[in-house]
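Values in this text are rule-based calculations from the coordinates and carry no lab data. Since the model is a prediction, treat every value here as computed from it, not as a measurement. Here the Cβ positions follow ideal geometry from the backbone for every residue, glycine too, while neighbour counts run over all protein chains shown.
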Amino acid sequence: MPVHLIISRRCMVQVTGSNNMKLLTKNTIWFLLIMLPLLAAGGIYLYQQFDKELKKEMDEELVNDQIQWLLYFKSIPDDSPVFRITTPEFSIHPAKGPADAQPLLKTIMQYQEVEHKEVPYRQLEQVIRIRENFYTLTIRKSLIEKDDLIRNIALVMTLAFIGLLLFVILVNRLISRSIWRPFYQSLEKMEKLQLEQMPHLTFPDTAVTEFNRLNEVLLNATSRMYHDFVIMKELTEDAAHEMQTPLAIAQNRLELLLQDEALQPTQLKSIAQTHEALQRLSHLNHNMLFMAKIGNKQFMPAGNISIRAVLEKHLRLFEELIRDKDLMVRTDISGDLSLSLHPLLADTLISNLLGNAIKYNYPKGAITIQLNEQLFSICNTSEYPQIPATQLFQRFKKNASVLENSNGLGLAIVKKITDTNNLKIYYIHKEHEHHFIVRPNPHRH
Amino acid sequence: MNILIIEDEQALQESIAQYLGKQGYVCETATNFREGIQKINDAEFECIIADIGLPYGSGLDIVKELKQIRSDAGIIIISAKDSLEDKLNGLGLGADDYLTKPFHLSELSARINALLRRKHFGGNTSIIFQDIQVIPASKSVLVHQKPVELTAKEYQLLVYFIANQNRVITKSALASHLWGDEYDMAGSYDFIYSHIKNLRRKLMDAGAPDYIKTVYGTGYRFE
């Protein structure tokens, strides 16, 4: 047996997209993105400054050492073994003249035993003259602290970065709490705004020009919307008026005509049928307007409605109809479904579904009703075939041609109510049973 | 019983006056607000039927005016607008009943009947039709002084019939009286037939003649 599940086509607009974040977060991220290269540039600059300073100091030390050495060389004889010393830090060996006027200072890489790697050294090299002999004097000092320097600077910069991050978050939070507060207040007001509150909408004055402008724009937009809505509402009601009045005249005229005792039975019957047709027309008009009003959101929920109470009321109301058709009603009420619905819509929803379950049933048929916190479900036996998915809930698509007086709007109204009130309706046809389920839309936050 | 009908649609006004006239009421008519106010001030009426949309004013203002002059006339508002607001407004101002156009003349007659009974006898009177006595206070029915057990719907039917005695009442009028307009009957009036059958049987069992006449293809007449 095919089971058709019709899922309401209504889809919610996704509120949280991927490139959509809180103002606060966005603010922070932008700030950090700007701060990151700034801090990096600062780090590089600091490093260069320190590096320069380090070299300068090192060079002064080297020159100082050289002066000491020169004094010492002058005090020892030419054949002293000192003139043949070669160590990584200090070496002196004979050279050809002439002597350099200035020492040559440069940075070199040299293998260091202790560290087992090439490390940077600052080196002073000069050809010097001690009495008659020339020597090349090389003094080196390890620049191993430079590594430490980089590490220290990186550390300081990281700490500064973390500190700034915390600072920015804190400041942003404080700012959004004070400066942005009117904005968030307006936002919240608009989110919670309901149609009938629109004419009474007010925003407090803020100290920020832009926020005042925003509030003014919001106020103008909502009052225009409300104005349009009122015009629309008046139009639908006027349309009702314009149509119902001639209908009333015609109907009442026919009702009077029926009282004429000179009329033949066949004439009476014709009048009665015309009267009946007019009544259908006015019913149709009434229902169409009702749908338009639902669509215009003229029935806003005032609070939560107990579906259990509504159901029990309508079971009582339809008691005799049920008895007349000798229907077997099974109810499984394990809890109450609380829906945010206008009372009239709640009545219409239950009345139409229960009414259909009675109307499209056969004598001695069954109705099964289930109600709990999650859903309302109603199932009825019927001789009528499955309603094709494409026609279900459509206006004027009658379930069966037999019911010539049905206006086919009952289910369309039910659908309209569920669509505009964040509810979902499902239809299942299985083994000669029509099954309708109403439940709150689960995709709403 | 004097009734004032304030309705700007001539045809509708005439139909109402004609139907109610046949029910034994004396009807006066007004076609606009000013005329309505003038007639209210000129004479006493037991009941006033006022349309909401009138030239030169609203039916609701008629209600206000009536309350101001402390009239104890029953007021029935009729309107083409099936708006809950209007309804609550009208009733809040002191109207006694509200009918949405189009309505059945038999329904209007039944409402006037109930209203006048409520107004003038505080509901403490009984309705007598030949050998049938209906006591609205206890919703009980006596035939030849003996109680007859009726269901709520059968009782409603009987009262409606008596209010519209000697008139042809359509099945659709009975249906909307018993069930309201909300429930679309899908053209099947079988259930009305079974209620009428039961009512007729109970009344006849109690010794009353068969008052309910079937009018071929149309409805019923209580006579």
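Quick look at the values:
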{"read-out": "Whole-Å distance, taken between Cα centres, linking the stretch A:277-350 and the stretch A:133-189", "value": "66 Å"}
{"read-out": "Taking A:HIS227, A:HIS435 and counting other C-beta atoms within 10 Å, the order from fewest to most", "value": "A:HIS227, A:HIS435"}
{"read-out": "Local electrostatic count, B:LEU150, Cβ distance below 14 Å [Lys/Arg +1, Asp/Glu -1]", "value": "+3"}
{"read-out": "Descending principal axes extents, the stretch B:7-143, alpha-carbon based, whole Å", "value": "50, 32, 29"}
{"read-out": "Mean separation of Cα contacts under 8 Å (6+ apart) over length of chain B, as relative contact order %", "value": "13 percent"}
{"read-out": "Rounded Å value of the spacing that divides the Cα centres of the stretch A:357-374 and the stretch A:190-222", "value": "48 Å"}
{"read-out": "For the stretch B:71-112 and the stretch A:47-82, distance of Cα centres in Å", "value": "116 Å"}
{"read-out": "Degrees separating the helix A:209-257 axis from the principal Cα axis of chain A, which is the longest one", "value": "10 degrees"}
{"read-out": "All-pairs alpha carbon distance profile, the stretch A:218-259, 5 Å steps from 0, percent", "value": "6, 20, 13, 13, 10, 10, 8, 7, 6, 4, 3, 1, 0"}
{"read-out": "Within the protein assembly as shown, percent of DSSP bridges classed antiparallel, to nearest 5", "value": "75 percent"}
{"read-out": "Stokes-Einstein translational diffusion, the stretch A:58-191 - Kirkwood Rh over all Cα pairs, 1.002 mPa s, 20 °C, in µm²/s", "value": "109 µm²/s"}
{"read-out": "Dmax and Rg, reported as Rg then Dmax, of the stretch A:194-333 (C-alpha, Å)", "value": "24.9, 83"}
{"read-out": "Over chain B: helical MRE at 222 nm, DSSP H runs n ≥ 4 each giving -39500 (n - 2.57), nearest 500", "value": "-13500 deg cm²/dmol"}
{"read-out": "Equivalent ellipsoid, the stretch A:14-74 (semi-axes from 5 times Cα gyration tensor eigenvalues, Å)", "value": "57, 7, 5"}
{"read-out": "Unit Cα scatterers, Debye sum, the stretch A:127-167: log10 I(q)/I(0) for q = 0.22 Å⁻¹", "value": "-0.76"}
{"read-out": "Cut-off 13 Å between beta-carbons: net charge of the residues surrounding B:VAL159, Lys and Arg +1, Asp and Glu -1", "value": "+3"}
{"read-out": "Distribution of pairwise C-alpha distances over the protein assembly as shown, 20 Å bins, in %", "value": "13, 31, 20, 10, 8, 8, 6, 2, 0"}
{"read-out": "Alpha-carbon Debye profile of the stretch B:104-178, log10 I(q)/I(0) at 0.15, 0.16, 0.17, 0.28 Å⁻¹", "value": "-0.50, -0.57, -0.64, -1.41"}
{"read-out": "Global geometry of the stretch A:171-213, whether rounded, prolate or oblate, following the gyration tensor of its Cα atoms and the 1.5 cut on a/c", "value": "oblate"}
{"read-out": "When the stretch A:80-134 is reduced to its Cα atoms, the Kirkwood hydrodynamic radius in Å", "value": "12.9 Å"}
{"read-out": "Projected-area mean, the stretch A:28-135, by convex hull of Cα positions, square nanometres", "value": "9.9 nm²"}
{"read-out": "In degrees, nearest ten, helix A:145-178 long axis to first principal axis of chain A (Cα)", "value": "30 degrees"}
{"read-out": "Around A:SER142: net Lys/Arg minus Asp/Glu count, Cβ-Cβ under 10 Å", "value": "+1"}
{"read-out": "The stretch A:89-132: trypsin sites (Lys or Arg not before Pro) in DSSP coil with no more than 13 other Cβ atoms inside 10 Å", "value": "A:LYS96, A:ARG131"}
{"read-out": "Ellipticity estimate at 222 nm from DSSP helix runs (n ≥ 4, -39,500 (n - 2.57)) divided over chain A, nearest 500", "value": "-18000 deg cm²/dmol"}
{"read-out": "Angle between chain B longest axis and helix B:59-68 axis [Cα atoms, degrees, rounded to 10]", "value": "80 degrees"}
{"read-out": "P(r), alpha carbons of the stretch A:260-315 - 10 Å bins starting at zero, rounded %", "value": "19, 21, 27, 17, 13, 3"}
{"read-out": "Equivalent ellipsoid semi-axes - Cα gyration tensor, the stretch B:97-223, angstrom", "value": "22, 19, 12"}
{"read-out": "Exercise: per-residue mean of other protein chain Cβ atoms within 10 Å, A:276-283", "value": "4"}
{"read-out": "Candidates A:LEU36, A:LEU219, A:LEU256: whichever shows maximal mean-square fluctuation once chain A is modelled as a Gaussian network with Cα springs under 10 Å", "value": "A:LEU256"}
{"read-out": "Inter-chain Cβ neighbour average for residues B:102-108, partner chain, 10 Å", "value": "6"}
